[in-house]
Amino acid sequence: MRTRFAPSPTGFLHVGGLRTALYSFLIARQTKGTFLLRIEDTDQARSVPGTVENILKTLDWAGIRPDEGVVPDNGQVAQKGAKGPYIQSERQGLGLYRKYADELVAKGHAYPCFCTSQRLEEMRKTQEAKKQAPMYDRLCLKLSAEEVRKRIAAGEPHVIRLKVPHERTITFTDEIRGEMRFQGHTIDDQVLLKSDGFPTYHLAHVADDRLMEIDLVIRGEEWLSSLPKHLLLFEYLGWPPPKYAHVPLLLNKDRSKLSKRQSAVAAEDYIAKGYLPEALLNFLALLGWNPGTTQELFSMDELVEAFSLDRVQKAGAVFDTEKLDWLQGQWMRKIPLKEFTVRIRPIVAGAYPAAAADPAFEKKAALIRERITFFAEAPAMLGYFYEEPQPTVELLANEKQKVTKALLPGALQKIEEILREIPEKEWNEERVLAAVKAEVAKGEWKLGQLLWPLRASLTGRPFSPGAVEVACALAAERGTEAVFERLERGKAVATR
Ligand code: GLU
């Protein structure tokens with residue numbers, strides 16, 4: 001299949017757009033077809049310079065590489081393929097869209113409209129006041145051929161509108177929504193060509209999907225109401241329409257339309273936050289698509305294998321960032337330790353230069369791999385290996401672990417005694433944990449009451465790998481005295 005992603009370069013790539021691109025890409029891969037990228041910039045007023053570069057960079061980051069159309073070339077925007085140009089403003093220069101607008105007028109399926117924006121605005125207000133749906137009132141359809149000719153010859157600005165057949169019912173089968181029916185009289189006479197000679201999206205994309213031989217159009221639900229106009233255009237131009245699949249809207253948790261106010265909507269914001277491409281893609285794939293199994297983690301290859309439009313839901317899909325973070329954690333754990341080490345070392349070294357040449361860095365990295373969500377958290381999670389922690393009494397005591405300030409000195413004393421009894425040579429996680437548990441078994445102390453103050457003394461942080469893991473890592477690197485020194489400092493703070 002030939003599928004396409006056709007963003008308008010209005011500033012950034014919306015996460016919903018990235019999902020549309022992903023679905024289109026998956027179908028192309030699945031069918032050993034072609035995924036094409038086209039830029040729809042006929043609305044020049046809304047085009048923002050630099051967006052195309054951004055879109056290409058984001059798609060590249062995500063591993064969604066166009067086979068044809070607008071493609072990246074060493075950070076530059078290039079075009080590839082025999083059906084170009086693939087940027088609509090360049091196609092416009094070729095007079096390509098005007099030709100179809102003229103053809104539609106000649107066949108009686110479209111007409112020039114001279115109404116000024118002021119008149120249209122007044123009409124809209126009147127309709128609104130009467131609680132009518134906003135629709136062009138067809139004033140210019142009543143003009144005689146002669147008058148139209150004269151006004152055009154006089155250079156009067158005008159647009160070309162589609163003449164929607166009011167008496168017809170337009171039916172269509174959407175790949176996701178099934179059979180759809182649209183009543184002609186409810187459809188507005190859409191502007192096809194603007195007074196500046198540029199086509200609207202409606203005319204431009206229909207012509208381009210035809211000329212670029214697109215088999216399947218996957219796009220957002222917001223276009224569904226325009227579908228009958230597009231189907232009419234295909235019919236009137238004598239072309240078979242492609243298949244269409246309208247994917248569900250993305251919603252905030254409160255089921256309102258996903259908005260900047262509640263979540264980041266630009267894909268690049270998620271990149272900047274440190275999400276892995278695997279995690280974001282996995283998340284977007286599941287936004288509206290249900291694999292029909294309990295599998296939740298999908299690599300791109302697995303998505304190519306498993307994805308199908310008939311398992312995409314019609315209802316809006318809630319953008320649940322907790323799920324995204326969970327997936328992020330899952331994908332983090334999948335990074336092999338060696339690679340994980342390589343990736344976090346420069347980040348940690350940025351805050352703690354000693355990490356750069358630390359021969360035991362991989363061991364430390366292993367401690368946080370199971371807990372980390374973003375690479376950027378690594379310095380905070382490992383910093384205590386490179387600087388002496390400064391625990392406060394507020395941190396050492398912990399209500400949840402039932403460590404009161406009164407209990408704290410005794411708890412630190414106890415854990416020190418337990419650790420001192422283990423000969424240096426025998427220090428390992430199993431042995432140390434067994435010793436603490438043996439004490440807990442006597443009934444006076446709870447596990448958390450001993451381990452929390454130990455962990456807090458060793459790290460000075462509210463979050464870190466477990467107490468026993470940190471103690472053993474410190475002991476292995478610098479000897480058990482390093483552990484006892486930190487415990488002493490904890491005790492001093494606790495009794496101050
Ligand atoms: N240019 C349109 C947009 O950015 C594309 C819609 C479509 O895929 O047909 O929303």
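The values are calculated or read from the model by the stated rules, or taken from the named source; none is laboratory data. Remember, predicted model here, so these are calculated numbers, not experimental data. Ideal geometry is used to build each Cβ from the backbone, glycine not excepted, and the neighbour counts take in all protein chains shown. Keep in mind that these areas ignore ligands, DNA and RNA; they rest on the heavy atoms of the full protein, side chains included. Shrake-Rupley method; radii C 1.70, N 1.55, O 1.52, S 1.80 Å.
Yes or no: residue 63 within 16 Å of residue 304 (Cβ to Cβ) and out of contact with any strand residue (DSSP E or B) (no Cβ under 7 Å at 6 or more places or on another chain)?
yes
Taking the stretch 45-104 only, how many residues are without any contact (Cβ under 8 Å) to a residue 24 or more places away in the chain, more than 23 Å from residue 278 (Cβ to Cβ) and touching a helix residue (DSSP H, G or I) at 6+ places or on another chain (Cβ under 7 Å)?
1
Output the residue which, of all residues in the stretch 61-99 that are under 27 Å from residue 195 (Cβ atoms) and basic (Lys, Arg), is most open to solvent (accessible area, probe 1.4 Å).
Out of the qualifying residues, it is 99.
Please specify each residue of the stretch 206-239 satisfying the condition of being of a type in the set (Lys, Arg) and within 20 Å of the chain's Cα centre (by Cα).
Hit for the stretch 206-239 is 219, nothing else.
Against the definition (over 15 Å from residue 228 (Cβ atoms), open to solvent by 70 Å² or more (accessible area, probe 1.4 Å) and of a type outside the set (A, V, I, L, M, F, W, C)), how does residue 142 come out, yes or no?
So residue 142 passes the test.
How do the pairs read when you match residues in the stretch 473-496 that are under 27 Å from residue 366 (Cα atoms) with residues anywhere that are open to solvent by 30 Å² or more (accessible area, probe 1.4 Å) and acidic (Asp, Glu), using Cβ under 6 Å and keeping only pairs 6 or more apart or on different chains?
If the second residue must be open to solvent by 30 Å² or more (accessible area, probe 1.4 Å) and acidic (Asp, Glu), the pairs left are 480/424.
Filter the stretch 339-382 for residues that are more than 30 Å from residue 322 (Cβ to Cβ), open to solvent by 30 Å² or more (accessible area, probe 1.4 Å), part of a helix (DSSP H, G or I) and touching a helix residue (DSSP H, G or I) at 6+ places or on another chain (Cβ under 9 Å) and give the result.
354, 356, 357, 362, 363
For the stretch 145-186, give me each residue that is closer than 17 Å to residue 228 by Cα and open to solvent by 60 Å² or more (accessible area, probe 1.4 Å).
Once the filter is applied, which keeps residues that are closer than 17 Å to residue 228 by Cα and open to solvent by 60 Å² or more (accessible area, probe 1.4 Å), the stretch 145-186 yields 163, 166, 167, 168, 171, 173, 175, 179, 181, 183, 185, 186.
Determine the pairs where a residue that is at negative phi, located within the stretch 173-202, has a partner that is basic (Lys, Arg) and more than 16 Å from the ligand (Cβ to nearest atom) with Cβ atoms under 6 Å apart, the partner being 6 or more residues away or on another chain.
177/314; 184/168; 189/161; 191/161
Output the residue which, of all residues in the stretch 240-285 that are over 10 Å from the mean Cα position of the chain (by Cα), in a loop (DSSP other than H, G, I, E, B) and aliphatic (A, V, I, L, M), is modelled with the lowest pLDDT.
Result: 258.
So which of 186, 169, 200 ends up being over 27 Å from residue 33 (Cβ atoms) and within 12 Å of the ligand (Cβ to nearest atom)?
Just one listed residue meets the conditions, 200.
Going by the conditions given, is residue 462 crowded, with 21+ Cβ neighbours inside 10 Å and not aromatic (Phe, Trp, Tyr)?
no
The rows are residues; the columns are (1) farther than 24 Å from residue 166 by Cα; (2) open to solvent by 10 Å² or more (accessible area, probe 1.4 Å).
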residue	(1), (2)
191	no, yes
194	no, yes
203	no, no
227	no, no
234	no, no
238	no, yes
241	no, yes
247	yes, no
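Based on what the data block shows, is residue 422 in contact with a Lys or Arg (Cβ under 8 Å, 6 or more places away or on another chain), open to solvent by less than 20 Å² (accessible area, probe 1.4 Å), free of Cβ contacts under 8 Å to residues at least 60 places away in the same chain and over 27 Å from residue 379 (Cβ atoms)?
Judged against the criteria, residue 422 is a match.
Would you tally the residues in the stretch 40-59 being more than 13 Å from the ligand (Cβ to nearest atom) and either in contact with a Cys (Cβ under 6 Å, 6 or more places away or on another chain) or outside any helix (DSSP H, G or I) (or both)?
2
Restricting attention to the stretch 9-39, and to residues there that are under 23 Å from residue 91 (Cβ atoms) and part of a strand (DSSP E or B), which single residue is farthest from the ligand (Cβ to nearest atom)?
Applying the filter and picking the extreme gives 34.
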